[in-house]
Amino acid sequence: MPSYDVIIIGSGPGGYVCAIRCAQLGLKTACVEGRETLGGTCLNIGCIPSKALLHATQMLHEAQHTFAAMGLTGDAPDVDWPKMLAYKNDVIAQNTKGIEFLFKKNKIDWLKGWASIPEAGKVKVGDDTHDARHIVIATGSEVSPLAGVDIDEKIVVSSEGALELDRIPKRLVVIGAGVIGLELGSVYARLGTKVTAIEYLDAITPGMDAEVQRQFQKILAKQGIDFVMGAAVQGVDRTDGGANARYKLRADGSDHTIEADTVLVATGRRPFTGGLGLDALGIATTDRGQIVTDDRWATNVDGIHAIGDAIAGPMLAHKAEDEGMAVAEVLAGKHGHVNYGVIPGVIYTHPEVATVGATEEQLKEAGHAYKTGKFSFMGNGRAKANFAADGFVKILADAETDRILGAHIIGPMAGDLIHEICVAMEFGAAAQDLAMTCHAHPTYSEAVREAALACGDGAIHA
Ligand SMILES: Cc1cc2nc3c(=O)[nH]c(=O)nc-3n(C[C@H](O)[C@H](O)[C@H](O)COP(=O)(O)OP(=O)(O)OC[C@H]3O[C@@H](n4cnc5c(N)ncnc54)[C@H](O)[C@@H]3O)c2cc1C
């Protein structure tokens with residue numbers, strides 16, 4: 001058996017990016033993956049397939065709702081569901097094969113199978129035990145179970161089954177109005193499914209800026225998604241060909257039942273570390289199952305690091321990637337760094353929602369004096385031309401220094417627009433720095449500049 005400088009367990013965005021950076025830094029590297037294909041949750045059953053279906057169904061929505069207004073007449077296309085799923089699967093294959101290519105190019109060994117760690121410095125895959133100076137655990141996450149709900153991935157599904165349904169359901173109940181539930185709910189709503197989202201809390205997308213939450217819920221309701229808020233799901237019972245979801249309204253304790261053809265459980269994910277042997281190794285975990293790491297991603301056992309969804313922090317692909325690069329640099333004797341204060345979060349619905357840094361609620365709670373610059377896409381010429389004027393850009397800046405503290409966007413291409421604000425925040429920029437930067441006309445990004453101007457003497461087109 002060759003011995004390695006680094007063996008990474010898991011080939012999701014944390015693991016594969018870590019492997020590539022380790023190899024680039026001259027470390028002899030292997031990556032273990034138990035799935036048939038590389039790329040983890042993100043490429044196989046997460047970010048990429050969900051975005052493919054969001055893209056395809058948004059095209060349909062445009063054809064049905066905006067084409068005629070632009071003088072593009074004719075019938076909107078029919079949906080060939082098996083073909084749409086085949087397109088999604090092809091996108092997955094292209095991406096996972098791309099990682100295989102990058103592994104070969106960087107001379108990274110792919111060790112196929114499920115790994116365990118019999119002791120520090122050793123990784124067991126099947127019957128083979130490999131030596132490694134460093135081990136990086138990047139095993140990701142799995143769906144959290146919900147009491148009273150049995151997932152069969154046919155009628156009662158997790159996000160994984162929802163990406164692979166054998167037919168388009170007439171009625172879909174989504175348990176949990178978070179990012180994954182709303183993205184997949186949007187996919188089916190656009191395909192004509194009656195979608196009802198049941199949420200325990202009183203606001204959708206917990207943790208987001210409250211003004212964005214309100215506007216987002218209104219827009220989704222206009223798109224046909226029903227919301228039952230403040231409702232605790234008690235259980236899901238299978239019926240003939242469908243399922244009933246039972247819930248209790250928190251406000252008055254009343255019990256209700258809703259019928260569905262498909263129920264999507266989207267109440268969250270938890271770290272996946274089963275089978276690694278963490279207990280026997282004495283690796284510390286939190287009560288939520290996250291591996292405890294220090295600020296250099298080291299666990300409490302020498303030679304073993306951990307990154308991505310398996311540790312604390314937002315469960316996002318780009319957070320895992322950044323940690324993957326940073327830990328590789330640490331292992332190569334360099335200085336790895338992740339700025340956890342500037343990790344954007346994006347919801348790929350239409351319109352998109354994007355957020356970075358502090359929310360108004362967090363600043364108020366911290367007693368931090370701040371000012372708000374807000375600009376509606378109604379004042380953006382490009383957005384109006386493209387039927388995309390729903391939403392706004394909001395920038396929060398320090399009341400005294402004008403330094404940008406956070407930004408929240410709901411609107412067209414929000415997931416791309418947020419990055420100029422991320423870069424500005426990385427450089428410790430003031431809102432005025434953005435406001436003084438010339439932005440091309442006509443672009444959606446002018447709305448970002450206008451929000452920055454609104455932090456000072458005022459937006460022009462408001
Ligand atoms: C439906 C859905 C949509 C999402 N959309 C987005 C999005 O748009 N943007 C975003 O940023 N995030 C999104 N996410 C979250 C994102 O997928 C995760 O945050 C990300 O994949 C975490 O990366 P990771 O490398 O930590 O783990 P993972 O991607 O989960 O990869 C871990 C890999 O490790 C393997 N593994 C586990 N244990 C072992 C073992 N013992 N031996 C060998 N292999 C093992 C697993 O098979 C898996 O392939 C989405 C998630 C879902 C479910």
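The values are calculated or read from the model by the stated rules, or taken from the named source; none is laboratory data. What you see is a predicted model; the values in this text were computed from it and never measured. Every residue, glycine among them, receives a Cβ derived from its backbone with ideal geometry; neighbour counts consider all protein chains shown. Heads up: the accessible areas ignore ligands, DNA and RNA and are worked out on the full protein's heavy atoms, side chains in. Shrake-Rupley method; radii C 1.70, N 1.55, O 1.52, S 1.80 Å.
Conditions (1) open to solvent by 40 Å² or more (accessible area, probe 1.4 Å); (2) closer than 24 Å to Gly207 by Cα; (3) not in a helix (DSSP H, G or I), marked per residue:
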position: Thr96; (1), (2), (3): no, no, no
position: Leu102; (1), (2), (3): yes, no, no
position: Lys124; (1), (2), (3): yes, no, yes
position: His134; (1), (2), (3): no, no, yes
position: Glu153; (1), (2), (3): yes, no, yes
position: Val174; (1), (2), (3): no, yes, yes
position: Ala177; (1), (2), (3): no, yes, yes
position: Gly181; (1), (2), (3): no, yes, no
> Mind checking which residues of region 67-88 are modelled with pLDDT of 95 or more, open to solvent by less than 50 Å² (accessible area, probe 1.4 Å) and either touching a Cys at 6+ places or on another chain (Cβ under 8 Å) or more than 16 Å from the ligand (Cβ to nearest atom) (or both)?
Replying inline: Trp81, Met84
> When you scan region 258-369 for helices (runs of 4 or more DSSP H) that lie fully inside it, which ones turn up with 2 or more residues that are open to solvent by 60 Å² or more (accessible area, probe 1.4 Å) and within 15 Å of the ligand (Cβ to nearest atom)?
Replying inline: 278-281, 317-331
> Any idea which of Thr205, Thr139 is open to solvent by less than 20 Å² (accessible area, probe 1.4 Å) and either of a type in the set (Phe, Trp, Tyr) or in a loop (DSSP other than H, G, I, E, B) (or both)?
Replying inline: Thr205
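Assess whether Asp457 counts as being in a helix (DSSP H, G or I), out of contact with any Pro (no Cβ under 6 Å at 6 or more places or on another chain) and at pLDDT 95 or above.
no
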>> Considering only region 8-15, I want to know if a residue exists there that is under 27 Å from the mean Cα position of the chain (by Cα) and farther than 30 Å from Leu182 by Cβ.
In response: yes
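Okay, residues lined up against (1) without any contact (Cβ under 8 Å) to a residue 60 or more places away in the chain; (2) surrounded by fewer than 22 Cβ atoms within 10 Å (Cβ to Cβ):
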position: Pro2; (1), (2): no, yes
position: Ile7; (1), (2): no, no
position: Pro13; (1), (2): no, no
position: Val17; (1), (2): no, no
position: Lys28; (1), (2): yes, yes
position: Cys31; (1), (2): no, no
position: Gly34; (1), (2): no, yes
position: Gly40; (1), (2): no, no
position: Gly46; (1), (2): no, no
> Looking only at region 372-403, which residues are out of contact with any helix residue (DSSP H, G or I) (no Cβ under 6 Å at 6 or more places or on another chain), among the aliphatic types (A, V, I, L, M) and closer than 26 Å to Ala69 by Cα?
Replying inline: Met378, Ala385, Ala388
>> As an exercise: evaluate Lys374 against (1) among the basic types (Lys, Arg); (2) buried (at least 17 other Cβ atoms within 10 Å of the Cβ); (3) over 18 Å from Ile418 (Cα atoms) and give the number of the one condition it does not meet.
In response: (3)
> Looking at Ala162, is it within 11 Å of the ligand (Cβ to nearest atom) and either more than 30 Å from Ala120 (Cα to Cα) or more than 15 Å from the chain's Cα centre (by Cα) (or both)?
Replying inline: yes
> In region 131-159, which residues are free of Cβ contacts under 8 Å to residues at least 40 places away in the same chain and within 16 Å of the ligand (Cβ to nearest atom)?
Replying inline: Pro145, Glu153
> Considering only region 85-131, how many residues are of a type in the set (Lys, Arg), out of contact with any strand residue (DSSP E or B) (no Cβ under 7 Å at 6 or more places or on another chain) and under 30 Å from Leu165 (Cβ atoms)?
Replying inline: 2
> In region 185-202, what residues are in a helix (DSSP H, G or I) and open to solvent by 10 Å² or more (accessible area, probe 1.4 Å)?
Replying inline: Ala189, Arg190
> If you scan region 236-257, which residues turn out to be in a strand (DSSP E or B) and among the hydroxyl-bearing types (Ser, Thr, Tyr)?
Replying inline: Thr239, Tyr247, Thr257
> What are the residue pairs meeting all of these: first residue in region 103-115, first residue away from the ligand (no atom under 14 Å from the Cβ), second residue part of a strand (DSSP E or B), Cβ atoms under 7 Å, and 6 or more apart or on different chains?
Replying inline: Ile108/Thr29; Ile108/Ala30; Ile108/Cys31
> Within region 418-445, which residues are under 26 Å from the mean Cα position of the chain (by Cα) and open to solvent by 20 Å² or more (accessible area, probe 1.4 Å)?
Replying inline: His419, Glu420, Val423, Met425, Glu426, Phe427, Gly428, Thr443, Tyr444, Ser445
> Can you pull out the residues in region 104-122 that are touching a Gly at 6+ places or on another chain (Cβ under 8 Å) and open to solvent by less than 70 Å² (accessible area, probe 1.4 Å)?
Replying inline: Gly113, Ala115, Ser116, Ile117, Ala120, Gly121
